[in-house]
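*Asks:* This is the structure, below, for whatever I ask next.
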Amino acid sequence: MNDDQQIPVPDRIAEFPPHWQLADSVTKLLQIDTVDYGQHRFPDQESLFRVLDNVQGASIAMLADLHDPDPHFLQLVLLAETLHDMGAASVGLLAPYLPYMRQDKRFNPGEAISSRYFADALSPHFDWLMTVDPHLHRYHSLSDIYPIPNRILHATLPIATWLNESVTNAVLIGPDEESEQWVSEVAAFSGFPHETLIKQRHGDNDVEVSFPHPERWQGKTPVLLDDIISSGHTMMAAVSHLRRAGFPPPLCIAVHGVFAPDALAGLKLAGAGDVVTTNTIPGATGRIDISNLIADSLKRQI
Ligand code: R5P
């Protein structure tokens, strides 16, 4: 199956968790209702969902924040199954940030290929999947691991538009080869030049980068751009490298701001300027709004 497949236009949004900013604005833009549901926690911490609206025959998009997937996975599945059970015609998963995509090969003997197992665990519970810029590196498409209809949205145009409104004389810099796909597209949309650094990752918090031609870009505003900031160490290594090469504090942009607890503070300490992300994940850095991108896509049937 190819990506960008037929997905029903939803007539209800189930927000997971309820009332997060992106889900609220997508629902408003689509002018459809949310599904009202309650969640009871038993003393032993098991969950019981109760759907409070009539969803018989409804096409539902579950708009889910999955940036911290482990503690939320079971609840996501329990809610999806409750909606099916209450007669929904379809229940799709709209996860603006799709987790577990980076563990896409066995890097060390005995290691899990978690992206595949996560896809296997999620897919039976949903009729379709939509997401924004998933980390497709060794996989060519989501269909390599997700056997359900799926659609990928790209935040590169909203990011380029934001950049054109906010920065002049920029050079876009990808902190590693994997970021080339995002950096080159944002460069094409925004008209700014770009270059990609070379990264070596020795561990979760141990990253080294090198910059082939720093002299070419002196005098420009450096903008580091990646798909994900998680531990922040990729960006921190790139920021430190640029600062040592004499650049001013780089603006750091990512599609998905996952941010481990010390990531933002570490970036500032390394010498970063502003840190800005899209709002695929709730948080203060989410200043590039992608609600129109999502709402427009949900309105069209391919
Ligand atoms: C990997 O290649 C990704 O594109 C990001 O560079 C990476 O996931 C960022 O992770 P961290 O912030 O933990 O270095």
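*Asks:* Quick one: what pairs do we get from the range 212-235, first residue in a helix (DSSP H, G or I), second acidic (D, E) and within 16 Å of the ligand (Cβ to nearest atom), C-beta under 8 Å, 6+ apart or different chains?
*Replies:* Here the result reads R216/E195; W217/E195; H233/D204; H233/D206; T234/D176; T234/D226; M235/D226, each pair linking the range 212-235 to a residue that is acidic (D, E) and within 16 Å of the ligand (Cβ to nearest atom).
*Asks:* Filter the range 73-105 down to the residues that are under 16 Å from the mean Cα position of the chain (by Cα) and under 16 Å from E15 (Cβ atoms) and list them by number.
*Replies:* L93, L94, A95, P96, Y97
*Asks:* For the range 167-179, give me each residue that is assigned to a helix (DSSP H, G or I) and surrounded by fewer than 15 Cβ atoms within 10 Å (Cβ to Cβ). Walk me through how you get there before you give the answer.
*Replies:* Quick first cut of the range 167-179, residues assigned to a helix (DSSP H, G or I) only: 177-179.
Answer for the range 167-179, where residues must be assigned to a helix (DSSP H, G or I) and surrounded by fewer than 15 Cβ atoms within 10 Å (Cβ to Cβ): just E177.
*Asks:* Still on this structure, please answer the following. Among the residues of the range 147-159, is any among the small types (G, A, S) and either within 30 Å of F126 (Cα to Cα) or surrounded by 20 or more Cβ atoms within 10 Å (Cβ to Cβ) (or both)?
*Replies:* Within the range 147-159, one or more residues are among the small types (G, A, S) and either within 30 Å of F126 (Cα to Cα) or surrounded by 20 or more Cβ atoms within 10 Å (Cβ to Cβ) (or both).
*Asks:* Select from the range 181-209 the residues that are under 18 Å from N169 (Cα atoms) and within 12 Å of the ligand (Cβ to nearest atom) and write down the one among them that is modelled with the highest pLDDT.
*Replies:* V183
*Asks:* While we're here: Just to confirm my filter: which strands (runs of 3 or more DSSP E) fall fully inside the range 1-116 and include at least 1 residues that are among the β-branched types (V, I, T)?
*Replies:* Hits in the range 1-116: 12-16, 47-51, 59-64, 90-95.
*Asks:* Taking only pairs six or more apart or across chains, which ones have beta-carbon atoms under 6 Å, a first residue in the range 80-107 that is under 18 Å from L63 (Cα atoms), and a second residue that is of a type in the set (G, A, S) and within 16 Å of the ligand (Cβ to nearest atom)?
*Replies:* Filtered contacts from the range 80-107: Y100/S114; Y100/S115.
*Asks:* Being in contact with a strand residue (DSSP E or B) (Cβ under 9 Å, 6 or more places away or on another chain), part of a helix (DSSP H, G or I) and more than 15 Å from the ligand (Cβ to nearest atom) is the requirement here; does T161 meet it?
*Replies:* So T161 fits the description; yes.
*Asks:* Filtering the range 194-209 down to residues that are among the polar types (S, T, N, Q) and in contact with a strand residue (DSSP E or B) (Cβ under 7 Å, 6 or more places away or on another chain), which residue is surrounded by the fewest Cβ atoms within 10 Å (Cβ to Cβ)?
*Replies:* Of everything passing the filter in the range 194-209, Q200 is surrounded by the fewest Cβ atoms within 10 Å (Cβ to Cβ).
*Asks:* Just to be sure before I move on: is G92 surrounded by fewer than 17 Cβ atoms within 10 Å (Cβ to Cβ) and more than 16 Å from the ligand (Cβ to nearest atom) in the structure I sent?
*Replies:* In short, no.
*Asks:* What number of residues within the range 210-239 satisfy the criterion of being surrounded by 16 or more Cβ atoms within 10 Å (Cβ to Cβ) and within 16 Å of the ligand (Cβ to nearest atom)?
*Replies:* 18
*Asks:* Test of understanding: among P69, P43, P10, P17, which residue is more than 18 Å from D289 (Cβ to Cβ), exposed (fewer than 15 other Cβ atoms within 10 Å of the Cβ) and touching a residue at least 40 places away in the same chain (Cβ under 8 Å)?
*Replies:* P17
*Asks:* So, one more: Any chance the range 270-290 includes a residue that's modelled with pLDDT under 95 and within 16 Å of the ligand (Cβ to nearest atom)?
*Replies:* The answer is no; no qualifying residue exists.
*Asks:* Can you spot a residue in the range 99-113 that is within 18 Å of L153 (Cβ to Cβ) and surrounded by 12 or more Cβ atoms within 10 Å (Cβ to Cβ)?
*Replies:* Of the residues in the range 99-113, the ones within 18 Å of L153 (Cβ to Cβ) are 99, 101.
Still in the running and surrounded by 12 or more Cβ atoms within 10 Å (Cβ to Cβ): 99, 101.
Within the range 99-113, one or more residues are within 18 Å of L153 (Cβ to Cβ) and surrounded by 12 or more Cβ atoms within 10 Å (Cβ to Cβ).
*Asks:* Just one of A89, A95 is over 24 Å from I288 (Cβ atoms) and of a type in the set (G, A, S); which is it?
*Replies:* After ruling out the rest, the residue left standing is A89.
The values are calculated or read from the model by the stated rules, or taken from the named source; none is laboratory data. What you see is a predicted model, and the numbers here were worked out from it, not measured in a lab. Positions of Cβ are backbone-derived with ideal geometry, glycine not excepted, and every protein chain shown enters the neighbour counts.
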